[in-house]
1. Take every Cα pair under 8 Å in the stretch 81-156 that's 6+ residues apart, average their separations, divide by the length, and report that relative contact order as a whole percent.
2. Eight or more residues apart or on different chains, and alpha-carbon atoms under 19 Å: count the Lys pairs in the chain matching that.
3. Roughly how many whole Å is it from the C-alpha centroid of the stretch 60-102 to that of the stretch 154-202?
4. Collect residues whose amide H, placed 1.01 Å from N in the peptide plane, falls under 5 Å from the amide H of Val67; neighbours closer than 5 in sequence don't count.
5. For the stretch 72-220, what proportion of DSSP beta bridges, expressed in % and rounded to the nearest 5, is antiparallel?
6. Where in the stretch 130-170 is the amide nitrogen less than 20 Å from a point lying 7 Å along the Cα-to-Cβ axis of Arg98?
7. List the GluC sites (Glu not before Pro) in the stretch 154-210 that DSSP assigns to loop (not H, G, I, E or B) and whose Cβ has at most 13 other Cβ atoms within 10 Å. Which are they?
8. In the stretch 171-203, which trypsin sites (Lys or Arg not before Pro) fall in coil by DSSP and have 11 or fewer other Cβ atoms within 10 Å?
Amino acid sequence: MNTETEICCFSYHSALLAHQASVTRIELCGGFAEGGTTPSNGLIKCVLESVSPNVYTMIRPRGGDFVYSESEILTIYSEIEEIKKLNPSGFVFGALTRSGEVDLELCKNVIEWASPFPVTFHRAFDYCIDPFMALEQIIDLGFERILTSGQQTSALAGIQQLQGLTERAEGRIQIMAGAGVNESNAIEFIRAGIPAIHFTLKEWQPSLFKTERGIPMGTENLPDGQGHYETSKSKLDVLIQKIGKK
């Protein structure tokens, strides 16, 4: 079985590294500290003009949960309409109800709005109260794949459920393992028969700024307020090499 590789990129530089490594697909996002939000049209345009892998664009108007208000739904519609003009390979989206079920109405609309482009259902799946019911609903809605950690804090911890979802799907939809997949454990998912893996392989880039002011510019979860994360070329090379030698 050939395992597909998808890398989550938050910058043009990271997307170029993915291009050089010949990964199967890029998930292009903004909002790293929020777990991925809709990227800017400028970033999307740069990436689509310069890279060969399939580029799927995240549609997520904010961080936090996946229950969306009317104003956020209008934003989602507008984002899809504008990004379609740039001709991406597909979209990435997920929405839930307050009770933790798939938001069937909104997801149906998004599939229609995104047409003819395919859509991946992202890790909102990991908050679903009944994953196997959600699996069937997502298949019926027409999503192309599901990105999931197997409803655990990491995909490695959820590998048994990932196998169960893959078996239940019976090829009707692709199950893709994501959350903590890296160059050290990628081979475990291949051995488990998971058809696709999703990773970031981030590495902290210290700031070149010479003046230290100690003024935070964003989330406190980052090592400091001046540097940023990028895809690690060395980690990406190792992962691709290991998969090639499986």
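No value in this document is a laboratory result; all are computed from the given coordinates. Note that the structure is predicted; figures quoted are calculated from it, not measured. Here the Cβ positions follow ideal geometry from the backbone for every residue, glycine too, while neighbour counts run over all protein chains shown.
1. Working: 101 pairs, mean separation 24.2, N = 76.
Worked out over the stretch 81-156, it gives 32 percent.
2. Within the chain, the lysine pair count is 10.
3. Computed from Cα coordinates, the inter-centre distance equals 24 Å.
4. Leu96
5. Details: 1 of 13 bridges.
In the stretch 72-220, approximately 10 percent of DSSP beta bridges are antiparallel ones.
6. The answer is 130, whose backbone nitrogens lie closer than 20 Å to the label point.
7. Numbers: sites: Glu167, Glu170, Glu183, Glu188, Glu203; in loops: Glu170, Glu183.
Taking the stretch 154-210 and a limit of 13 other Cβ atoms within 10 Å, the loop GluC sites (Glu not before Pro) found are Glu170.
8. Numbers: sites: Arg172, Arg191, Lys202; in loops: Arg172.
Those satisfying the criteria are Arg172.
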